[in-house]
1. Under the condition of being more than 27 Å from the chain's Cα centre (by Cα) and without any contact (Cβ under 8 Å) to a residue 24 or more places away in the chain, which residue from segment 138-159 is least open to solvent (accessible area, probe 1.4 Å)?
2. Out of (1) without any contact (Cβ under 8 Å) to a residue 12 or more places away in the chain; (2) within 14 Å of Met23 (Cβ to Cβ), what's the single condition that is false for Asp46?
3. Can you find a residue that is of a type outside the set (S, T, N, Q), surrounded by fewer than 19 Cβ atoms within 10 Å (Cβ to Cβ) and under 24 Å from the mean Cα position of the chain (by Cα) anywhere in segment 27-43?
4. Quick check on my filter: what residues within segment 86-137 are of a type in the set (Asp, Glu), outside any strand (DSSP E or B), closer than 22 Å to Lys288 by Cα and touching a residue at least 40 places away in the same chain (Cβ under 8 Å)?
5. Give the residue that is least open to solvent (accessible area, probe 1.4 Å), with candidates limited to residues of segment 208-258 that are among the acidic types (Asp, Glu) and under 23 Å from the mean Cα position of the chain (by Cα).
6. Restricting attention to segment 100-107, does a residue exist that is at pLDDT 95 or above and touching a helix residue (DSSP H, G or I) at 6+ places or on another chain (Cβ under 9 Å)?
7. Being under 20 Å from the mean Cα position of the chain (by Cα) and either exposed (fewer than 13 other Cβ atoms within 10 Å of the Cβ) or not in a loop (DSSP other than H, G, I, E, B) (or both) is the filter here; which residues of segment 44-74 pass it?
Amino acid sequence: MRDVLLVLHTGRPTNRKTALHVMSELGRLGLRTRVLADEWAELAADPDVPAGYEPVPVPGSPECARGAEAVLVLGGDGTLLRAADLARHAGVPLLGVNLGHVGFLAEAEEDTLPEALQKLADGDYEVEERTTLEAVVTAAGQVLGRAWALNEAVVEKTTRGRILEVVLEVDGRPVSSFGCDGVLCSTPTGSTAYAFSAGGPLIWPQVQALLVVPSNAHALFARPMVIAPESTVAIEVSADGPSAVLDCDGRRTVAVPPGARVELRRASEPVRMVRLAAQPFADRLVRKFDLPVRGWRGVRNPPPDSNA
């Protein structure tokens, strides 16, 4: 039996109704639905639970997506980032359906949900691997914690009234020291998220690179930097200043005391994403950010081959 793990944002009644409809449609298409037990607790009493297509509740453990066809996410980017924890561990691809606002990571919208489910059932999709980051916090030679990120890892201050003093290092060499609110290290996927808001450039997902963006730095040279994917970034926090925190995707945190060091590099395990159709990244930018393209006169159809 082919299974799909369903992860959803249960905070909205309309999302819960959509989830019940998805269970019914997946069952009709020959796919069995798994659902996280705590989310099923909010759905089980609904009178619209599809008879004969009830889901299999599973604990939210690292193994709950193992063997599934895909992890189907109903919600926004926050829900998808939560689901990425489960999908990455099991090596299962994510299919995001945007029920939120921008939903930049989602592959489908609510109005294209029927087509997305049909393609999933037919196996009519491709899988794209997205770079992830691994982060290690050390102090006095001891490892204090580890975390990973799909979008970005941020070392940021914890005290509003004080500046975080850091030294930035790339590939074992110091680059600059400055006071700041924090330093972000982003993947190409995360270049449209926090790094973009902090003034970083957009990076096409196909580009193999990492992005470093200081946040509100008090320095003449504290510009965003696009660096090699094999590079290692280190952020050393001053021993004489305030403590900091490592925040990965807004979901996983590690305390960074004064004098600690945070090392960031590309992780060995990517996040796998379902792609239903070839779509230029430029089109996604225009649609999600509602960019003005009026007046474009580019070539919509290539000219005929003169040698034909």
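The values are calculated or read from the model by the stated rules, or taken from the named source; none is laboratory data. Owing to the predicted nature of the structure, the values given are computational and were not obtained by experimental measurement. In this analysis, Cβ positions are derived from the backbone assuming ideal geometry, glycine residues included, and neighbour counts consider all displayed protein chains. Quick note on the areas: whole protein, heavy atoms, side chains included, nothing else; ligands and nucleic acids left out. Shrake-Rupley method; radii C 1.70, N 1.55, O 1.52, S 1.80 Å.
1. Top of the filtered list is Gly141.
2. With respect to (1) without any contact (Cβ under 8 Å) to a residue 12 or more places away in the chain; (2) within 14 Å of Met23 (Cβ to Cβ), Asp46 is out only on (1).
3. Yes, segment 27-43 contains a residue that is of a type outside the set (S, T, N, Q), surrounded by fewer than 19 Cβ atoms within 10 Å (Cβ to Cβ) and under 24 Å from the mean Cα position of the chain (by Cα).
4. Residues satisfying the conditions are Glu107, Glu110, Glu115.
5. Asp249
6. no
7. Ser61, Pro62, Glu63, Ala70, Val71, Leu72, Val73, Leu74
Conditions (1) under 30 Å from Ala121 (Cβ atoms); (2) without any contact (Cβ under 8 Å) to a residue 40 or more places away in the chain, marked per residue:
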residue	(1), (2)
Pro214	no, no
Leu220	no, yes
Val233	no, no
Val237	no, no
Arg287	yes, yes
Gly295	no, yes
